[in-house]
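The values are calculated or read from the model by the stated rules, or taken from the named source; none is laboratory data. None of these values were measured; they are calculated from a predicted model. Here the Cβ is made from the backbone with ideal geometry for all residues, glycine too, and neighbour counts use every protein chain on show. These area figures cover heavy atoms from the full protein model, side chains too; ligands, DNA and RNA do not enter into them. Shrake-Rupley method; radii C 1.70, N 1.55, O 1.52, S 1.80 Å.
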Amino acid sequence: MRRVWLIGLLLSACSSMPARDVSLYQSLGEQAGLTRIVEGMLLNIAKDPRIVGHFANVDITLLRDKLVQQLCVETGGPCQRSGDSMEEVHKGLKLTRSDFNALVEDLIAAMETQGVPVPVQNRLLARLAPMRGQIIER
Amino acid sequence: MKHTLAVLFCSALPLLAAADGRLLATGGASSLEGAAGGGITPWAVLAGYGEAGECGATAFATRVDSQDYRLDVTGAALAWDNRVELSFARQRLDISSLHLPDSSLNQDIFGLKVRLFGDLLYDQLPQVSLGVQHKQQQNFLIPELVGARRDQDTEAYVQASRLLLGGAFGYNLLLNGGVRYSRANQLGLLGFGGDANDQHEVLAEASLAVLFNPRWVLGVEYRQKPDNLGFAQENDWSDVFVGYFPNKHLALVLAWAQLGDIAGQSNQNGPYLSVQGSF
């Protein structure tokens with residue numbers, strides 16, 4: 001009986017805890033913090049001659065909301081993924097490795113402006129770095 | 001000649017001006033032998049900040065002040081496509097404290113480095129590069145007198161480098177390791193091969209560095225050395241360094257180098273300062 005109870009506890013623990021670690025989401029300031037970071041990054045991109053051209057015909061408000069949502073998902077926040085896949089939305093853009101790095105630099109600069117501690121920045125970058133293959137050279 | 005061709009090649013490309021496709025500090029500093037890397041060891045990274053389809057170039061000057069000697073190095077490197085690097089370094093070791101016929105030992109080093117596969121930061125595999133260095137000792141009188149066998153030689157190395165995001169208690173960690181196949185005495189300043197050993201040896205090189213932010217880095221390096229000359233012992237080298245990368249055009253490295261015995265003088269330890277410009 002005790003064993004059944006224990007297994008039941010383990011099972012319910014597993015099902016109610018889909019391995020979500022919200023600490024990164026919280027460290028970045030949750031929804032408000034992510035929004036400030038994304039808006040800062042978009043402002044940096046607007047001043048970045050290397051990649052601003054890629055955003056010429058983009059609805060920036062919609063992009064901001066999508067990016068905040070995506071960062072929320074990636075950092076363990078209470079958001080659901082929606083829309084097309086990363087591969088799909090970058091299809092035909094032929095983004096280069098250099099473009100990707102330029103965006104990373106604009107993101108880092110935005111996080112520095114927001115005073116995000118370096119270890120927290122690195123945790124976010126470590127989540128995003130594996131996505132490069134879904135974004136570039138498509 | 002190779003340099004001239006590559007310069008022409010790169011100049012012909014309109015992308016040259018935008019050669020900053022890689023992240024800050026990922027071009028490393030300039031090593032004593034001209035290749036991109038740390039100070040006493042090369043890394044697998046290529047000079048400058050050029051990514052695929054871009055050129056990168058660096059020029060540098062380095063001084064090491066040890067107890068009895070002073071080493072001055074100037075040089076330049078050119079990289080293309082984040083794939084191939086050509087480098088040149090001119091070394092002058094001031095030995096006037098020894099009161100010998102020559103007041104210095106001089107050497108020129110021509111280097112070629114090719115990224116074989118992988119990436120410093122992205123992809124599954126670490127960045128792995130193969131390098132070849134052709135070294136020409138310029139004033140062979142003293143090296144020959146102390147037993148060196150030849151005044152020029154070619155050596156090869158393989159290096160693997162990886163930047164682990166958050167790898168050091170949340171801070172980015174650069175790991176670097178490789179082997180060199182060499183018989184150079186004190187980098188080649190005392191010639192190549194000697195009375196005690198005249199064969200190339202496999203020698204280990206490694207370094208580890210922590211990036212406190214994208215601009216500041218603190219690290220250590222180690223380099224195994226041959227010991228080919230009977231007249232004096234040669235020791236492995238190591239150093240502790242601080243690197244500062246304020247932007248993609250400047251890199252400063254300040255280190256404390258431990259060079260051990262050199263030509264009979266022991267405890268050749270001292271400050272190392274290197275300035276690199278990136279274009």
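When B:216, B:43 are compared by accessible area at a 1.4 angstrom probe, the order from most to least is B:216, B:43. Accessible area ranking (1.4 Å probe, heavy atoms, ligands and nucleic acids excluded), largest first, for B:238, B:30: B:238, B:30. In this label model, residue A:127 and residue B:249 are separated by 3.6 nm, measuring between points 7 Å along each Cα→Cβ vector. Take the alpha carbon atoms of region B:233-254, find their center, do the same for region B:84-137, and report the distance between the two centers in whole angstrom. About 14 Å separates the Cα centre of region B:233-254 from the one of region B:84-137. If you roll a 1.4 angstrom probe over the protein chains with everything in place, what fraction of the accessible area of chain B belongs to carbon and sulfur, to the nearest %? Roughly 62 percent of what the probe reaches on chain B is carbon or sulfur. Interface residues of region B:35-59, defined as those losing at least 30 Å² of solvent-accessible heavy-atom surface relative to the isolated chain (probe radius 1.4 Å), are listed as B:51.
Using a probe radius of 1.4 angstrom, the carbon and sulfur fraction of the accessible surface of chain A is 60%. Coupling constants for region B:45-55 follow from the phi torsions by the Karplus curve (6.51 cos²θ - 1.76 cosθ + 1.60, θ = phi - 60°), and in residue order they are 6, 9, 4, x, 10, x, 9, 3, x, 10, 9 Hz; glycine and proline get x. Need one number: the % of Cα-Cα pairs in region B:2-278 sitting beyond the 35 Å mark. I get 14 percent for the Cα pairs in region B:2-278 exceeding 35 Å. Measuring heavy-atom accessible area with a 1.4 angstrom probe and counting protein chains only, the residues of region B:104-123 that give up at least 30 Å² relative to the chain alone are B:122. The helix-based estimate of mean residue ellipticity at 222 nm for chain A, built from -39,500 (n - 2.57) per DSSP H run of four or more residues and divided by its residue count, is -19500 deg cm²/dmol to the nearest 500. Using Cβ point charges alone (K and R +1, D and E -1), the dipole size of chain B about the Cα centre works out to roughly 620 debye.
Contact order for chain B, expressed relative to its length and based on alpha carbon pairs under 8 Å spaced 6+ residues apart, stands at 16 percent.
Electrostatic tally near residue B:60: other residues with Cβ closer than 13 Å to its Cβ, Lys and Arg +1, Asp and Glu -1, net 0.
Each residue of region A:63-78 was assigned a 3J(HN,Hα) from its phi angle through the Karplus expression (A = 6.51, B = -1.76, C = 1.60, θ = phi - 60°), giving 4, 4, 4, 5, 5, 4, 4, 5, 4, 4, 5, 5, 8, x, x, x Hz with x at Gly and Pro. A 1.4 Å probe, protein heavy atoms only, puts the accessible area of residue B:142 near 20 Å².
The residues of region A:84-116 listed by number as losing at least 30 Å² of accessible area in the complex, against the isolated chain and with a 1.4 Å probe, are A:97, A:98, A:101, A:105, A:112. Computed from the Cα positions only, the extents of region A:24-135 along the three principal axes stand at 35, 28, 25 Å, in decreasing order. In summary, the lysines within cross-link reach of residue B:113, defined as a Cα separation below 28 angstrom excluding same-chain residues under 8 places away, comprise B:2, B:135, B:225, B:248.
In the neighborhood of residue B:107, defined by Cβ-to-Cβ distances under 10 Å, what is the net charge if each Lys or Arg adds +1 and each Asp or Glu adds -1? It would help to have the intermediate numbers written out before the result.
Numbers: positive: B:90, B:92, B:135; negative: B:33, B:108, B:151.
Counting the neighbours of residue B:107, the net charge comes to 0.
Helical content of chain B, expressed as a calculated mean residue ellipticity at 222 nm, amounts to -1500 deg cm²/dmol (DSSP H runs of 4 or more residues, -39,500 (n - 2.57) each, divided by residue number, nearest 500).
According to the Cα-based calculation, Rg over Rh for the protein assembly as shown is 1.07, with Rh computed by the Kirkwood formula. For the pair region B:184-205 / region A:53-88, the C-alpha centres are spaced 57 Å from each other. Accessible area per residue for the protein assembly as shown is 46 Å², calculated with a 1.4 Å probe on protein heavy atoms, without ligands, DNA or RNA.
Excluding ligands, DNA and RNA, what is the accessible area buried between chains A and B, summed over both sides, using a 1.4 Å probe, to the nearest 100 Å²?
Approximately 1500 Å² gets buried when A meets B.
Please report, in debye to the nearest 20, how large the charge dipole of chain A is about its Cα centre when each Lys and Arg carries +1 at its beta carbon and each Asp and Glu carries -1 there. Approximately 500 debye in magnitude. A simple count of charges around residue B:94, restricted to other residues whose Cβ falls under 12 Å of its Cβ and scoring Lys, Arg +1 and Asp, Glu -1, yields -1. With all pairs of different C-alpha atoms in the average, the Kirkwood value for the hydrodynamic radius of region B:92-223 is 16.8 Å.
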